[in-house]
Amino acid sequence: MTDRTAVQPSTTDHPDRGPGAQRAGTARAPRRYGDSVFRWLSTGSAASIMAILAGVALFLIVKALPAIGANWSTNPDLTGGTTAGNASLWQYVGPLIWGTLFSSLIALVLGAPVAVGIALFISHYPPRRLANVLGYLVDLLAAVPSVVFGLWGIFVIRPFIIPIQDWLNAYLGWIPLFDGPVSRTGSTILAGAVVLAVMILPIISSIAREIFLRTPRLHEEAALALGATKWEMIRMAVLPHARSGMVSATLLGLGRALGETMAVALIISPSLIFSAKLITDSANSQTIAANIALNFPESNPLQRDALIATGLALFVISLAVNMIARLVIRRGAGGR
């Protein structure tokens, strides 16, 4: 009888056949050239984004320093003669920051509910083929140039909104927002906010639509199986799941409205003042972006530095809004 143990191969005869060698071979996969290239390209892209952001911030700070350190009381031409009485940078930048935030917030109040409603309708009500067409049409609004929106606001929104302003003043004039002499031209913050609301519809609607479509199907079917109506299912299953996504989409829409330039510059008759009036054209607060666009071509070097200082303020505001949006997204995702 042959001894079977004598003919069995030994795992120690060859260094590649031992158990340790097998574990090492399975633990370390061969590095591929394509993976290394992709890793370095993605890392370089991320680093370039940070470098560009830091470069923009550094440029704004350096160019704004002459205006920040200037004696505004002895340089009345810093603002191009529009606010010769301003004695400090804040007295010039403050009304611009207020006008930017005020018009953007009014646009957000008008546009965000409509955008969320559009997203809900497209994601849950029409047939899928019609939903795809409607989503495509809404997304097309993002491709319309802002100057076209400005022209649309001049020739369509301003005449259309005049009777609405009269009604608001007649029945809601006790509210400070609708007090004051009603504009006969329509060049008001309300007209500009309406155009801004239409301009932020695509970004809020597209993000909210994708969030609604990611609601777990089992949650929706469970709500319907328990006897919920379509709206009750949306209220109990879809909206709680998409709460953080809706907030972040709204904040991103706010960031879009903050930086809008030409539409606001074409529609509103601005002044460098603190004003909370919506329906008068004699007390409209100017926005930062529109003020830069209107005054930069004819500004001297010192005035240009002052405009860049206002651009630095807008940069900080936009950065803060986008950071808040990211924090909301992370909180909604469980802090990942």
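None of the figures in this text is laboratory data; all of them are computed from the coordinates on show. In this text, all values refer to a predicted model and were calculated from it rather than measured experimentally. Neighbour counts run over all protein chains shown; Cβ positions are idealised from the backbone, glycine included.
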Starting from 0 in steps of 10 Å, tell me what percent of the Cα-Cα pairs of segment 90-332 lands in each bin.
8, 27, 30, 22, 10, 3, 0
Given 0.36 nm per residue, what is the gain on full extension from F274 to E221 after removing their alpha carbon distance, in nm?
13.9 nm
Per-residue Cβ neighbour rank within 10 angstrom, fewest leading, I329, I207, I268
I329, I207, I268
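Are there trypsin sites (Lys or Arg not before Pro) in segment 116-222 that DSSP puts in a loop and that have at most 13 other Cβ atoms within 10 Å, and which ones? All intermediate terms of the calculation are to be shown ahead of the outcome.
Details: sites: R128, R129, R184, R209, R214, R217; in loops: R184, R214.
Here the trypsin sites (Lys or Arg not before Pro) that fit, given the DSSP loop and packing criteria, are R184, R214.
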Ranked by Cβ crowding within 10 angstrom, fewest neighbours first, how are K63, K230 ordered?
K230, K63
Would you mind calculating the gained length between R39 and L319 on full extension (0.36 nm times residue separation, minus the Cα-Cα distance), in nm to one decimal?
98.0 nm
Please list the three semi-axes, largest first and in whole Å, of the ellipsoid equivalent to segment 202-282, using sqrt of 5 times the eigenvalues of its alpha carbon gyration tensor.
40, 14, 9
Between N71 and L177, what length in nm is gained on full extension when 0.36 nm per residue of separation is reduced by their alpha carbon distance?
34.6 nm
Residue among L239, S206, W174 farthest towards the positive dipole end of segment 90-332, charges placed on Cβ
L239
Would you mind checking which residues have amide H under 5 Å from S271's amide H? H placed 1.01 Å from N; only 5 or more apart, or other chain.
N284, S285, Q286
Can you give the translational diffusion coefficient of segment 243-336 in µm²/s, computed by Stokes-Einstein from the Kirkwood radius over Cα pairs at 20 °C and 1.002 mPa s?
142
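What ranking of S183, S88, S269 emerges when the number of other C-beta atoms within 10 Å of each C-beta is taken as an exposure proxy, fewest first? Numbers along the way, then the final one.
On the way: S183 26, S88 12, S269 17.
Going from least to most buried by this count: S88, S269, S183.
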